[in-house]
Each structure stands twice: as structure tokens, then as C-alpha cells.
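One structure below.
The values are calculated or read from the model by the stated rules, or taken from the named source; none is laboratory data. In this text the structure is predicted, and so the values were computed from the model without any measurement. Note that we place each Cβ from the backbone using ideal geometry, even for glycine, and neighbour counts take in every protein chain shown.
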Amino acid sequence: MRPDIVTAAAQRILVLDGAMGTMIQRHKLEEEDFRGTRFAQHPSPLKGNNDLLALTRPDILRGIHDAYFEAGADIVETNTFSSTTIAQADYGLESAVWDLNVASARIACEAASEWTSKNPEQPRFVAGSVGPTNRTASISPDVNDPGYRAVTFKELVEAYQQQMEALMEGGVDALLIETVFDTLNAKAALFAAEAAFDRQGKRLPIMVSGTITDASGRTLSGQTAEAFWVSMSHAPLFSIGLNCALGAEQLIPHLEALSNVAHCGISAHPNAGLPNEMGEYDQGPEAMAAQLQSFLDKGLVNILGGCCGTTPDHIRAIAKLVRDQEPRPLPFQGAPA
């Protein structure tokens with residue numbers, strides 16, 4: 001029997017996969033790829049709705065998961081960053097959300113099982129990706145009406161709970177509430193996770209990853225890394241960390257602040273540097289790994305991977321970097337009951 005993800009993280013630094021969108025873009029997909037047969041007559045354009053590929057081009061997702069596992073990843077994320085009724089409303093696909101999550105989870109879990117069977121000494125895991133949605137619960141989208149909200153806490157909870165239960169049905173090993181820019185959204189996700197666990201009769205480890213939006217060192221809703229931890233610390237987290245928006249070098253002081261206060265695991269999956277004027281990422285695998293070395297020298301992390309612009313080559317360099325490195329010591333919390 002393979003160890004659970006919490007036990008594995010206590011033994012070594014776990015490697016998280018890299019960017020999904022970056023890899024999907026390489027396939028130069030067209031509208032028909034996103035429609036398939038199921039959505040051939042859908043009235044709205046669907047190109048760019050990457051989460052749909054779990055139903056229309058599962059071969060592409062499986063290939064990406066395999067590439068990251070081959071590169072040395074211990075954990076891959078499901079392709080479900082936008083698989084909530086709130087996010088899919090932009091495409092009129094709220095009714096497909098359950099199927100999107102279950103299918104995406106099963107694709108990733110099948111890959112994890114096969115790679116684990118190839119090398120039982122390195123068990124592979126799947127984290128169910130729970131994105132922030134495209135709405136914010138604590139900030140008004142209307143500058144002329146600061147009291148207006150485009151979504152309520154209850155609506156977020158309902159959407160997140162549906163997604164999480166579907167991910168659990170698909171077999172994920174953990175839930176990753178990621179790219180948190182509004183802590184109130186994340187609180188709704190944590191509330192939803194508890195409701196999902198009650199409904200499903202089991203618990204999964206919960207991972208939370210926020211995003212520092214700029215050089216101010218704060219999330220979009222105004223919190224520092226320490227304040228973000230305080231807001232999340234009531235939950236039995238397996239890990240908390242930071243991803244997106246910044247490259248590894250810019251992330252260091254904020255990760256240090258988080259590591260100094262958190263009593264659970266610390267994760268980091270930064271971008272491949274900062275985007276250029278075309279919005280692309282130029283930092284190569286070796287350059288990124290060189291910057292990540294300081295994360296290890298300072299003993300900051302338990303889970304390390306990549307976000308925007310990273311590829312299997314980046315993850316291969318990270319896997320090589322963390323080999324034989326000790327994880328940040330801590331009393332792990334958030335283990336399944």
C-alpha cells in the first residue's frame with residue numbers, strides 16, 4: 001500500500017507539477033477541440049476553456065500529466081482551475097461542472113496509479129485544483145459602488161462544495177485551494193471543504209496557496225503573508241504556500257514570512273520569472289532552479305513546483321534540485337482521519 005501524501009511529505013520534499021496552460025498552448029488547439037461531439041451545438045464560443053478538455057481531449061491532459069510525472073513530479077494537479085459553476089457561467093456550461101471535475105480527476109489519478117506501479121518507491125499523488133473563481137467576495141468590481149459584490153459567500157460555498165465532492169468522487173488525494181487573491185473566497189472554500197467531507201464521509205488533506213499580486217507583498221484583498229496565514233490557520237491545513245504572480249526570487253521574503261509563522265507544511269510554485277512585454281516567460285529551467293536553491297538553503301519548503309511558464313523541463317530541474325534535501329521540519333497537521 002502506498003503511503004498517503006502527508007506521510008510522503010514528512011519523508012522528503014515533494015515536487016509539484018508545472019503549468020497546465022503553458023503545456024496546453026503548445027497543442028495549438030482550435031474551437032473543434034474544445035467542442036468535441038458533446039458540445040458541438042453549444043451556442044457560445046468555447047475555445048480557451050481549457051477545463052473542457054477533460055471531456056473532449058482527455059488524451060492531451062493525460063499526456064501532460066505523464067510528462068510531468070516522467071520529469072519527476074510527485075504531485076500533479078487536476079485540470080479544474082475553472083471548474084466551478086461560477087467560472088463556467090461565462091460559457092453557459094454550469095451543467096457540465098460535475099462531469100468536468102470527475103473526468104479530470106480520473107485522468108490524473110489513472111496516470112498517478114500507473115507511474116506509482118512503475119516505481120512503488122516513489123508514489124505519485126493527485127491534488128484537486130480549486131481555483132479562486134473569476135469573482136471576488138470582498139472587493140467591489142464597480143468603482144462607483146464600493147458596497148456592491150458580484151458574488152455572495154453562500155454562492156461560493158455552494159459552487160466549491162459541488163466541485164470538491166466531484167473531485168473526491170474522481171479519486172484525488174488532496175484538495176488544493178490555489179491562487180488565492182481574495183481571502184474571503186478561500187474561507188468559503190474551506191467552509192465548503194468541511195461540508196464536502198461531511199457529505200462524503202471522509203476527509204482529505206487541504207492545501208492552500210495564495211498569490212502575492214505585486215511588490216507591495218500583499219494579496220489583492222490587501223493581506224500580507226502573515227495575515228493570510230492568520231486568516232487560514234483555523235483550518236487543519238496540510239500545507240499553505242504561495243504561487244503565481246511572482247518569480248522565485250521575488251517570492252523569497254514573502255515565503256520566509258509565511259514559513260516563520262505557519263505550523264503546517266509550506267508549498268511554493270512560482271512562475272518562471274516575471275513575464276516579458278509580450279506576457280511570455282523567458283526564465284529557463286536551470287536559471288529557475290538556481291533561484292530556488294535559496295528556498296532549500298533557508299529550509300523554507302515541503303512542497304516545491306512551478307506555476308505560469310513552467311514546463312516538464314523546469315520540473316525536471318526542480319526534482320534534481322530537491323533530491324536528498326531535507327524537508328522543512330514541522331508537526332504535520334491536516335492528515336485524513
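Quick notes on this one:
- The conditions of being at pLDDT below 95 and surrounded by fewer than 21 Cβ atoms within 10 Å (Cβ to Cβ) are met by Q333.
- Test result for G170, surrounded by 15 or more Cβ atoms within 10 Å (Cβ to Cβ) and either touching an Asp or Glu at 6+ places or on another chain (Cβ under 9 Å) or at positive phi (or both): no
- Hits in the range 180-204 - residues which are more than 17 Å from W229 (Cβ to Cβ) and surrounded by 21 or more Cβ atoms within 10 Å (Cβ to Cβ): A188, A192, A193, A196, L204
- Residues located in the range 165-185, provided they are assigned to a helix (DSSP H, G or I), closer than 19 Å to D4 by Cα and touching a Leu at 6+ places or on another chain (Cβ under 8 Å): L167, M168
- Residues of the range 82-115 that are within 18 Å of L61 (Cα to Cα) and among the aliphatic types (A, V, I, L, M): A96, V97, L100, V102, A103, A105, I107, A108, A111, A112.
- Among the residues of the range 114-144, those that are part of a helix (DSSP H, G or I) and either surrounded by 15 or more Cβ atoms within 10 Å (Cβ to Cβ) or modelled with pLDDT under 95 (or both) comprise W115, T116.
- Among the residues listed as A73, A40, the single one being free of Cβ contacts under 8 Å to residues at least 24 places away in the same chain, outside any helix (DSSP H, G or I) and either more than 24 Å from T311 (Cβ to Cβ) or under 17 Å from the mean Cα position of the chain (by Cα) (or both): A40
- Residue among A150, A103, A166, A108 that is at pLDDT below 95 and of a type in the set (A, V, I, L, M, F, W, C): A150
- Matching residues, the range 260-271, being within 20 Å of D74 (Cβ to Cβ) and in contact (Cβ under 8 Å) with a residue 60 or more places away in the chain: C264, G265, I266, S267, H269
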